[in-house]
Amino acid sequence: MDIRRQRTFIMVKPDGVQRRLVGEVIKRFEDKGFKLVALKQLHASEQLLRNHYAEHDGKPFFPKLLAYIGSGPVVAMVWEGANVVDVSRKLVGATRPSESAPGTIRGDFAIEVGRNVVHGSDSIESAQREIGFWFTPEEVIEWNDHSNVWIY
Ligand code: ABT
Ligand code: MG
(Lines give C-alpha, C1' and ligand atoms only; values in the text may rest on other atoms or scores of the structure.)
(Ligands and ions follow the chains in the order given, each with its own letter.)
Protein backbone atom coordinates (compact mmCIF):
# COMPACT_ATOMS: atom_id res chain seq x y z
CA MET A 1 0.00 0.00 0.00
CA ASP A 2 1.08 3.59 -0.68
CA ILE A 3 2.67 4.83 2.57
CA ARG A 4 1.11 8.25 1.94
CA ARG A 5 -2.33 6.67 2.30
CA GLN A 6 -1.69 5.46 5.86
CA ARG A 7 -4.44 6.57 8.27
CA THR A 8 -4.75 7.05 12.00
CA PHE A 9 -7.48 7.79 14.50
CA ILE A 10 -7.04 10.96 16.56
CA MET A 11 -9.47 12.14 19.23
CA VAL A 12 -9.61 15.35 21.22
CA LYS A 13 -10.77 14.13 24.64
CA PRO A 14 -13.41 15.94 26.76
CA ASP A 15 -10.80 18.03 28.59
CA GLY A 16 -9.39 19.21 25.26
CA VAL A 17 -12.86 20.19 24.04
CA GLN A 18 -13.64 21.98 27.33
CA ARG A 19 -10.36 23.88 27.11
CA ARG A 20 -11.02 25.01 23.50
CA LEU A 21 -8.00 23.09 22.22
CA VAL A 22 -9.75 21.51 19.22
CA GLY A 23 -8.37 24.11 16.82
CA GLU A 24 -4.89 23.83 18.34
CA VAL A 25 -4.84 20.05 17.83
CA ILE A 26 -6.12 20.32 14.27
CA LYS A 27 -3.60 23.05 13.55
CA ARG A 28 -0.67 20.88 14.60
CA PHE A 29 -1.72 18.04 12.29
CA GLU A 30 -2.41 20.43 9.43
CA ASP A 31 0.88 22.27 9.95
CA LYS A 32 2.73 18.96 9.71
CA GLY A 33 1.12 18.36 6.31
CA PHE A 34 -1.28 15.55 7.17
CA LYS A 35 -4.64 15.38 5.43
CA LEU A 36 -7.93 15.44 7.33
CA VAL A 37 -10.25 12.75 5.94
CA ALA A 38 -12.93 12.47 8.67
CA LEU A 39 -14.15 14.68 11.52
CA LYS A 40 -17.10 14.72 13.92
CA GLN A 41 -18.04 15.76 17.43
CA LEU A 42 -19.98 13.28 19.52
CA HIS A 43 -20.74 12.22 23.05
CA ALA A 44 -19.50 8.63 22.89
CA SER A 45 -21.70 5.83 24.22
CA GLU A 46 -20.38 3.59 26.96
CA GLN A 47 -20.35 0.67 24.50
CA LEU A 48 -18.23 2.60 22.00
CA LEU A 49 -15.74 3.50 24.74
CA ARG A 50 -15.61 -0.08 25.99
CA ASN A 51 -14.78 -1.21 22.46
CA HIS A 52 -12.22 1.54 22.00
CA TYR A 53 -10.44 0.86 25.31
CA ALA A 54 -10.99 -2.94 25.43
CA GLU A 55 -7.25 -3.52 25.93
CA HIS A 56 -7.49 -1.74 29.31
CA ASP A 57 -10.60 -3.61 30.56
CA GLY A 58 -9.88 -4.94 34.03
CA LYS A 59 -7.02 -2.56 34.78
CA PRO A 60 -7.34 -0.47 37.95
CA PHE A 61 -7.70 2.81 36.04
CA PHE A 62 -10.36 1.47 33.62
CA PRO A 63 -13.52 2.75 35.41
CA LYS A 64 -12.03 6.23 35.81
CA LEU A 65 -10.88 6.20 32.19
CA LEU A 66 -14.41 5.39 30.95
CA ALA A 67 -15.92 8.05 33.22
CA TYR A 68 -13.47 10.67 31.97
CA ILE A 69 -13.80 10.00 28.25
CA GLY A 70 -17.57 9.68 28.66
CA SER A 71 -17.88 12.91 30.67
CA GLY A 72 -18.44 15.18 27.66
CA PRO A 73 -18.19 15.45 23.92
CA VAL A 74 -15.07 14.41 22.06
CA VAL A 75 -13.88 15.34 18.57
CA ALA A 76 -13.03 12.25 16.53
CA MET A 77 -10.83 12.51 13.45
CA VAL A 78 -9.06 10.44 10.84
CA TRP A 79 -5.79 11.83 9.48
CA GLU A 80 -3.91 10.52 6.46
CA GLY A 81 -0.27 10.75 5.37
CA ALA A 82 3.13 9.06 5.26
CA ASN A 83 3.87 7.26 8.56
CA VAL A 84 0.97 9.12 10.15
CA VAL A 85 0.53 6.53 12.93
CA ASP A 86 4.06 6.85 14.32
CA VAL A 87 4.42 10.54 13.61
CA SER A 88 1.11 11.30 15.32
CA ARG A 89 2.27 9.60 18.49
CA LYS A 90 5.28 11.91 18.42
CA LEU A 91 3.11 14.99 17.88
CA VAL A 92 0.81 13.87 20.74
CA GLY A 93 3.68 13.05 23.15
CA ALA A 94 4.19 10.43 25.85
CA THR A 95 1.16 9.06 27.72
CA ARG A 96 2.23 10.58 31.03
CA PRO A 97 2.36 14.36 30.62
CA SER A 98 5.23 14.46 33.14
CA GLU A 99 7.27 12.59 30.50
CA SER A 100 5.96 14.23 27.34
CA ALA A 101 8.40 16.63 25.77
CA PRO A 102 7.70 20.34 25.39
CA GLY A 103 6.58 20.92 21.82
CA THR A 104 4.25 17.92 21.91
CA ILE A 105 0.53 18.43 22.51
CA ARG A 106 0.59 16.75 25.91
CA GLY A 107 3.94 18.33 26.78
CA ASP A 108 2.51 21.77 26.09
CA PHE A 109 -1.03 21.40 27.44
CA ALA A 110 -1.33 18.62 30.05
CA ILE A 111 -0.22 17.79 33.58
CA GLU A 112 -2.29 14.68 34.47
CA VAL A 113 -2.34 11.27 32.73
CA GLY A 114 -6.08 11.22 33.33
CA ARG A 115 -6.49 14.57 31.53
CA ASN A 116 -4.13 14.21 28.62
CA VAL A 117 -6.14 16.10 25.97
CA VAL A 118 -5.75 13.83 22.96
CA HIS A 119 -5.66 10.23 21.78
CA GLY A 120 -3.69 8.76 18.90
CA SER A 121 -3.70 5.14 17.68
CA ASP A 122 -0.62 3.21 18.79
CA SER A 123 -0.18 0.97 15.69
CA ILE A 124 -1.48 0.50 12.15
CA GLU A 125 -3.68 -2.36 13.38
CA SER A 126 -5.10 -0.25 16.24
CA ALA A 127 -5.75 2.58 13.79
CA GLN A 128 -7.77 0.35 11.47
CA ARG A 129 -9.73 -1.10 14.37
CA GLU A 130 -10.42 2.29 15.97
CA ILE A 131 -11.42 4.00 12.71
CA GLY A 132 -13.95 1.16 12.27
CA PHE A 133 -15.39 1.76 15.75
CA TRP A 134 -15.77 5.52 15.34
CA PHE A 135 -16.64 6.03 11.67
CA THR A 136 -18.71 4.39 8.96
CA PRO A 137 -16.84 3.92 5.67
CA GLU A 138 -18.96 6.70 4.11
CA GLU A 139 -17.80 9.17 6.76
CA VAL A 140 -14.17 8.81 5.73
CA ILE A 141 -13.71 11.08 2.73
CA GLU A 142 -11.44 10.31 -0.21
CA TRP A 143 -10.16 13.58 -1.61
CA ASN A 144 -7.33 14.35 -3.95
CA ASP A 145 -5.09 17.23 -2.92
CA HIS A 146 -3.40 17.99 -6.22
CA SER A 147 -1.11 20.49 -4.48
CA ASN A 148 0.59 17.80 -2.42
CA VAL A 149 3.68 18.27 -4.59
CA TRP A 150 4.60 20.82 -1.91
CA ILE A 151 4.41 18.18 0.81
CA TYR A 152 5.80 15.06 -0.90
P1 ABT B 1 -4.62 6.99 24.69
O2 ABT B 1 -4.29 7.89 23.57
O3 ABT B 1 -5.73 7.52 25.53
O4 ABT B 1 -4.82 5.57 24.27
O5 ABT B 1 -3.33 7.05 25.59
P6 ABT B 1 -1.96 6.31 25.32
O7 ABT B 1 -2.06 5.37 24.18
O8 ABT B 1 -0.87 7.33 25.27
O9 ABT B 1 -1.80 5.49 26.66
P10 ABT B 1 -2.50 4.16 27.08
B11 ABT B 1 -1.47 3.21 27.76
O12 ABT B 1 -3.23 3.54 25.92
O13 ABT B 1 -3.53 4.64 28.14
C14 ABT B 1 -4.90 4.76 27.85
C15 ABT B 1 -5.53 5.71 28.81
O16 ABT B 1 -5.44 5.22 30.10
C17 ABT B 1 -4.95 6.21 30.96
N18 ABT B 1 -4.01 5.59 31.89
C19 ABT B 1 -3.04 4.77 31.41
C20 ABT B 1 -4.11 5.89 33.22
O21 ABT B 1 -5.00 6.66 33.62
N22 ABT B 1 -3.22 5.33 34.08
C23 ABT B 1 -2.22 4.51 33.64
O24 ABT B 1 -1.43 4.01 34.45
C25 ABT B 1 -2.13 4.20 32.24
C26 ABT B 1 -1.06 3.28 31.70
C27 ABT B 1 -4.26 7.23 30.11
C28 ABT B 1 -4.87 7.06 28.78
N29 ABT B 1 -5.86 8.05 28.48
N30 ABT B 1 -6.26 8.91 29.06
N31 ABT B 1 -6.73 9.79 29.45
MG1 MG C 1 -3.56 4.02 23.83
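Listed by first and then second residue, the pairs linking a residue in the stretch 54-73 that is among the aliphatic types (A, V, I, L, M) to a residue that is outside any loop (DSSP other than H, G, I, E, B) and within 14 Å of ligand 2 (Cβ to nearest atom), with Cβ atoms under 7 Å apart and 6 or more places separating them unless they lie on different chains, are L65/H56; L66/L49; I69/L49. When residues in the stretch 113-131 are screened for being among the acidic types (D, E) and either in contact (Cβ under 8 Å) with a residue 40 or more places away in the chain or away from ligand 2 (no atom under 12 Å from the Cβ) (or both), 2 of them pass.
Filter the stretch 38-65 down to residues that are under 13 Å from the mean Cα position of the chain (by Cα) and away from ligand 1 (no atom under 16 Å from the Cβ) and give me whichever is surrounded by the fewest Cβ atoms within 10 Å (Cβ to Cβ). This residue is Q41. So, S71, is that one among the hydroxyl-bearing types (S, T, Y) and over 14 Å from the mean Cα position of the chain (by Cα) or not? Judged against the criteria, S71 is a match.
Per-residue answers, yes or no, for (1) in a loop (DSSP other than H, G, I, E, B); (2) within 16 Å of ligand 2 (Cβ to nearest atom); (3) modelled with pLDDT under 95; (4) in contact with an Asp or Glu (Cβ under 9 Å, 6 or more places away or on another chain):
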| residue | (1), (2), (3), (4) |
| --- | --- |
| M11 | no, yes, no, yes |
| F29 | no, no, no, no |
| V37 | no, no, no, yes |
| K40 | no, no, no, yes |
| Q47 | no, no, no, no |
| A67 | no, no, no, no |
| M77 | no, yes, no, no |
| R89 | no, yes, no, yes |
| A94 | yes, yes, no, no |
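Is it fair to say P102 is in contact with an Asp or Glu (Cβ under 8 Å, 6 or more places away or on another chain) and either among the basic types (K, R) or under 30 Å from G33 (Cα atoms) (or both)? The answer is yes for P102. The single condition among (1) over 23 Å from G132 (Cα atoms); (2) in contact with a strand residue (DSSP E or B) (Cβ under 7 Å, 6 or more places away or on another chain) that E80 does not meet is (1). Among the residues of the stretch 107-128, those identified as within 8 Å of ligand 1 (Cβ to nearest atom) and part of a helix (DSSP H, G or I) are V113, G114, R115.
The values are calculated or read from the model by the stated rules, or taken from the named source; none is laboratory data. Everything numeric here is computed off the predicted structure, so don't read it as measured data. Here the Cβ is made from the backbone with ideal geometry for all residues, glycine too, and neighbour counts use every protein chain on show.
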